[in-house]
1. Under the rule of at least 5 residues apart or a separate chain, name every residue whose amide H is placed under 5 Å from the amide H of A:VAL271.
2. Compute the label-point distances linking A:PRO181 to its equivalents in the other copies; points lie 7 Å from Cα along Cα→Cβ; give nm, one decimal, shortest first.
3. When the helix-only estimate is applied to chain A (DSSP H runs of n ≥ 4, each -39,500 (n - 2.57), divided by the residue count), what is the mean residue ellipticity at 222 nm, nearest 500 deg cm²/dmol?
4. Sorted by accessible area (1.4 Å probe), largest first, how do B:MET51, A:MET443 line up?
5. How many percent of the accessible area of the range B:384-460 is carbon or sulfur, using a 1.4 Å probe?
6. Report Rg(Cα)/(2.2 N^0.38 Å) for chain A, keeping two decimals.
7. Would you work out the relative contact order for the range A:241-283, in percent, from Cα pairs under 8 angstrom that are 6 or more residues apart?
8. Going highest first, how would you order B:310-322, B:152-164, A:118-130 by mean Cβ packing within 10 Å?
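The values are calculated or read from the model by the stated rules, or taken from the named source; none is laboratory data. Here the structure is a predicted model, which means the values were calculated and not measured. Heads up, the Cβs are rebuilt from the backbone with ideal geometry, glycines too, and the neighbour counts pull from every protein chain shown. Only protein heavy atoms, including side chains, enter the accessible area calculation; ligands, DNA and RNA are left aside. Shrake-Rupley method; radii C 1.70, N 1.55, O 1.52, S 1.80 Å.
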Protein chains: 2
Amino acid sequence: MVKKRTAVLLVILAMIIGGGAMLALTNYPIFASSGASSSASASTGLSRVDMNKLNAAVKLIEDNYYKEVDHEKLVTGAINGIVGSLEDPYSAYMPAEQASEFNESIQGSFTGIGAEVELKNEQVTVISPIKGSPAEKAGVQAKDVLLSVDGESLAGLDLQTAVSKIRGPKGSKVTVMIKRPGTQDPIKFEITRSDIKLETVNARMEDGGIGIIEVTQFSTNTGERFKEELSKLEQKGMEGLVIDLRSNPGGLLDVVVDMSKEFVPKGSIIVQEEERGVARKVFRSSGTAKLKDYPVTVLINGGSASASEIMAGALQESAGAKLLGENSFGKGTVQTSVPNELGKGTLLKLTIAKWLTPDAEWIHEKGIKPDEKVSQPDYFTVAPINKEKTWKSDMNNESIKSAQVMLSGLGYDTKRKDGYFDAETKKQVQAFQQAQKMTVSGMIDEKTAVALEAATLEAITDPANDTQLNRAIKELKQGTLAPASNS
Amino acid sequence: MVKKRTAVLLVILAMIIGGGAMLALTNYPIFASSGASSSASASTGLSRVDMNKLNAAVKLIEDNYYKEVDHEKLVTGAINGIVGSLEDPYSAYMPAEQASEFNESIQGSFTGIGAEVELKNEQVTVISPIKGSPAEKAGVQAKDVLLSVDGESLAGLDLQTAVSKIRGPKGSKVTVMIKRPGTQDPIKFEITRSDIKLETVNARMEDGGIGIIEVTQFSTNTGERFKEELSKLEQKGMEGLVIDLRSNPGGLLDVVVDMSKEFVPKGSIIVQEEERGVARKVFRSSGTAKLKDYPVTVLINGGSASASEIMAGALQESAGAKLLGENSFGKGTVQTSVPNELGKGTLLKLTIAKWLTPDAEWIHEKGIKPDEKVSQPDYFTVAPINKEKTWKSDMNNESIKSAQVMLSGLGYDTKRKDGYFDAETKKQVQAFQQAQKMTVSGMIDEKTAVALEAATLEAITDPANDTQLNRAIKELKQGTLAPASNS
């Protein structure tokens, strides 16, 4: 999962240094140790015959394969194969390195310099330094381009690899060379890495007393931060709340339950859990009977998954909140992470239960339908233009289609968006070029394509174009929605 | 891999009842038993620690996964994971059922009724009964549609599933209901299954003394059949030979070496084999010194793989044959199949060596370049038309593109083939409809699309349009090529 801010256009991967993909919902019932000492059924595990087969496979390969074979890779392959045979995309084995990234992501903290970066024109570029981080204290600024780390060039690296070079143990020093827009020579920074807390909650108050809380994932400290921001907004006399869970891939079950009880009346159901062969477990709100006196709208989209769907379902069915946006992702299972059982530092992420909404719906592979379907403009998800060629009249392909979507989104209505470069498309390309003070060729050359994409990206990041959020705010202002507790 | 005859258009899967995909090159050095009794290095195989890890993984899953788990599936998963970790597409573990299909495919024989079938308009349709087979003796004819087998309908099944229902043990009886074009009622056939030999060699003599031998795969009996047909052609005074290896996925190493020595002079290299840590093994021709006095052209394409590439390489580099067609597939490794080591009936197919051409080229992932590049017309590989909608003027998509390629191939030159439905395309659609005595609408509705595809399929199967073969025949007739032995 990538950050909403930049994920929509051009497949720009944006990640906090130290952040990573996460779609899990873990941390709940870490069960007892397994293996020989397990208290579970004695008839489970590998038989002698099974072990002989696996040994024979490894031996045949090590003795006869045409290339040298790494023994550990074979063993890891076996574990991956065992887990993979479940055909469950949410169960996974992670070797030590991958496991530590996962843990950091779940905890919402890591050790590093604390700069949010993205790959822009194939350069590692700072989106912004995290508040209070070593990067900010050292003077790293938005739009700085990271050239090298400890003398090692970052040119040509993918974002994840670059990020892994910038990160390191707490207290260690790293030398970063930075190119700043407008300055000639690279600038040298010496930064000492420290613990960085990911900001997973962003809040603000709109005109008219409408509060907006964006939750980007459900990490260890997210619940605390959420309640802090919620309380601030309430103290300011909030009259309506938007909880923005769009593109939030999920997180920890106990955290989302804890957050949901702010809205779900005491005793009402937040979520239910169904393990194999065990009676359904019902999570009820332990919140106070004092209910919210303002209406709540929850924003969801196809990237709202797992814990986000638990919160959306709980607030919809047990707290009368309105869901607005697009159908959610559809992940209705609970994982747990089992550390160190399959080798030191390793982690087995295993699906151990289904979860159901308060009304006992299993939304797996279906998602949650919003009460009001509102889509973002089509240019929010447009594919990039191939810039290796110049596109012109009477041509016909996907790049021209993208350009038509972008032009129309920017107000240059091409009428058609099917990829055929007709006279109207040419006219609109000319109008765009005129407005941008470029050579008015009526053809989409590399320069025009770059300008089109830049203008489109700007439009996407402009809050004025966030159709979903604006609709939610407008409805709350009009006061057409009932308070959340009145369901 | 699918049969050349019908694979090119519409993704019609054609397979002999009992045939299957095959890209292997096996049967050569089946090495000694492995496991505890292996004579190879004692330090290979799984350690105690490895075994504990694998056991823990299986146990954790069996005790805690949210759904019931099939134990055998986990063990098979482990073996697949071990083999998969090699990241070699040609090494594979096959459970018993899959292994027996593979063996039949390699051996070039199986037990069944002996009818070559394809899926046509979603019906299992006979291409032709195999000569001398139970199907032929019972009176099954080309174009018969198989409706049911032993009372079980074949409607809606994919070809592989349908075929598996028709096959069965030698001597067993099967009742097949058939719909024959032109007759009203279904016809009932009782057929006794027997051993069927796949025909992997097809030969004929063209005018001007040009012999053509098509080899569809290198199975156990292919060498014998090849020599038989070659000798017949030579006795008829053949003055030039085309060996057609297009879309031949490969087969057995010893078979291709045996076939190649018909052309490679005694003592010259056919192929070389390189195992890990072993001196290169050179396969030389044991053929007679009596060399061919006619030129040889070998046809190859992107589907010519493995054993086909060995033969093409050997004949090009050691027998002066000309390669004509398109770049070959590029599989430069040798597999062996290890039966029963990982469970009764199972098979481990394992890459044990590289093979090199006589001039020591490793063609892996590169393929062999033909001496003369000749492509088939573009409509040979056109995608089918989506028939759910009617395509008309000013529309623009992949289906219209396909239609333009088909129309142009059939002589209705649409000028453009980019998917934009312009005036010229409409004109040519009308011309096609006129010629087909259909309603002249200028739109591509379902009926028009079906007629277009049928006409295209007919054009593809017409030998007159086989550009590659015709070029080879023409050159051999003109006598511009030197005899094969004069390299």
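1. Result for A:VAL271 returns A:PHE283.
2. A:PRO181 label point versus its equivalents elsewhere: 6.8 nm.
3. Values: 13 runs with 148 residues, N = 487.
It lands at -9500 deg cm²/dmol.
4. Ranked list, largest accessible area first: A:MET443, B:MET51.
5. Numbers: 1830 of 3750 Å².
Heavy-atom surface of the range B:384-460 belonging to carbon and sulfur, 1.4 Å probe: 49 percent.
6. Working: Rg = 25.6 Å, N = 487, 2.2 N^0.38 = 23.1 Å.
Relative to the 2.2 N^0.38 Å estimate, chain A comes out at 1.11.
7. 25 percent.
8. My ranking of the peptides, most packed first, is B:310-322, A:118-130, B:152-164.
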